[in-house]
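Engineer: Questions regarding the structure given below will be posed in turn.
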Amino acid sequence: MSPAERRDDLISAALELYSSRAPELVSIEDIITHAEVSRALFYRYFGSLRELHVAALRTAVDELVDRLTRREPGTLLDQLRRSLGVFVDVADTYATAYIALLRSGSVVATRDTDALVDEVRHLAVQEILDVTGVTEPSPFLLLTLRCWVAVVEGSLLIWLQERDHTREELIGWLIDQLAAMTAATATRDPVVAELLTRIAPEV
């Protein structure tokens, strides 16, 4: 393997382990055993286990960003449902890592991983603005979307741990929450009221 391929192989090994085990429970020994490499080779590419954690989560975020930003035809509701489905599926694939990242006081969370989480939050808001064609969102609209993203995060965290609803039920409920929050904002913000009037036929 080339150096880049070997590094990617170590990252893939970490992500595969994260699919069934919390990152803080994954050791260097686990990773080198899974990747079938030596400890010396591991340290050739990563200075520490924490550095590999960040690189692996960066890869997962890049996958999410790539899938979220793919444009497909359909109504606003279709696109929103697809985007939520992508978010749920990626979080489900790396469920233990997602739970560890967002769990209060997690030993995995660092300044670098916090920056990755913030990047995803910003992307989620920007994607909704892009799809709806809003180039100059009002403060109330931004507040609404940011609060909704927090609802998505919290709800998904609970769902991954409890599984009390189907994937489709969760997505439908989250869309209803966005509609309700936006409708409430529209009573205070004429820009949001105009937006709802404009996109109503699509949803």
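Engineer: Which members of region 155-197 meet the condition of being touching a residue at least 60 places away in the same chain (Cβ under 8 Å) and under 18 Å from residue 133 (Cβ atoms)?
Structural biologist: 178, 195
Engineer: How many of the residues making up region 23-38 are closer than 15 Å to residue 9 by Cβ, charged (D, E, K, R) and not in a loop (DSSP other than H, G, I, E, B)?
Structural biologist: 1
Engineer: Only one residue in 64, 80, 52 is at pLDDT below 85, in contact with a helix residue (DSSP H, G or I) (Cβ under 9 Å, 6 or more places away or on another chain) and part of a helix (DSSP H, G or I), so which one is that? Write out each step before concluding.
Structural biologist: Details: 80 fails: at pLDDT below 85; 52 fails: at pLDDT below 85.
Exactly one residue qualifies, and that residue is 64.
Engineer: Among the residues of region 120-170, what is the count of those that are part of a helix (DSSP H, G or I), in contact with a Phe, Trp or Tyr (Cβ under 8 Å, 6 or more places away or on another chain) and either of a type in the set (Ser, Thr, Tyr) or modelled with pLDDT under 95 (or both)?
Structural biologist: Within region 120-170, the subset part of a helix (DSSP H, G or I) is 120-132, 139-162, 167-170.
Restricting the remaining residues to those that are in contact with a Phe, Trp or Tyr (Cβ under 8 Å, 6 or more places away or on another chain) gives 124, 152, 155-157, 160, 170.
Going one step further and asking which of them are either of a type in the set (Ser, Thr, Tyr) or modelled with pLDDT under 95 (or both), we end up with 124, 152, 155-157, 160.
Going through region 120-170 one residue at a time, the tally reaches 6.
Engineer: Something else now. Find all pairs meeting these conditions: Cβ atoms under 9 angstrom apart; at least six residues apart or on different chains; first residue within region 136-154 and more than 15 Å from residue 190 (Cα to Cα) and open to solvent by less than 40 Å² (accessible area, probe 1.4 Å); second residue outside any helix (DSSP H, G or I) and of a type outside the set (Asp, Glu).
Structural biologist: Partner pairs satisfying both residue conditions: 145/137.
Engineer: Additional query: When residue 77 is evaluated against the numbered criteria (1) surrounded by fewer than 18 Cβ atoms within 10 Å (Cβ to Cβ); (2) without any contact (Cβ under 8 Å) to a residue 60 or more places away in the chain; (3) closer than 20 Å to residue 152 by Cβ, which criterion, by number, is the only one it fails?
Structural biologist: Status for residue 77: all satisfied but (2).
The values are calculated or read from the model by the stated rules, or taken from the named source; none is laboratory data. What you see is a predicted model, and the numbers here were worked out from it, not measured in a lab. No Cβ is skipped: glycine too gets one built from the backbone with ideal geometry, and neighbour counts run over all protein chains shown. Surface accessibility is based on the protein's heavy atoms, side chains included, excluding ligands, DNA and RNA. Shrake-Rupley method; radii C 1.70, N 1.55, O 1.52, S 1.80 Å.
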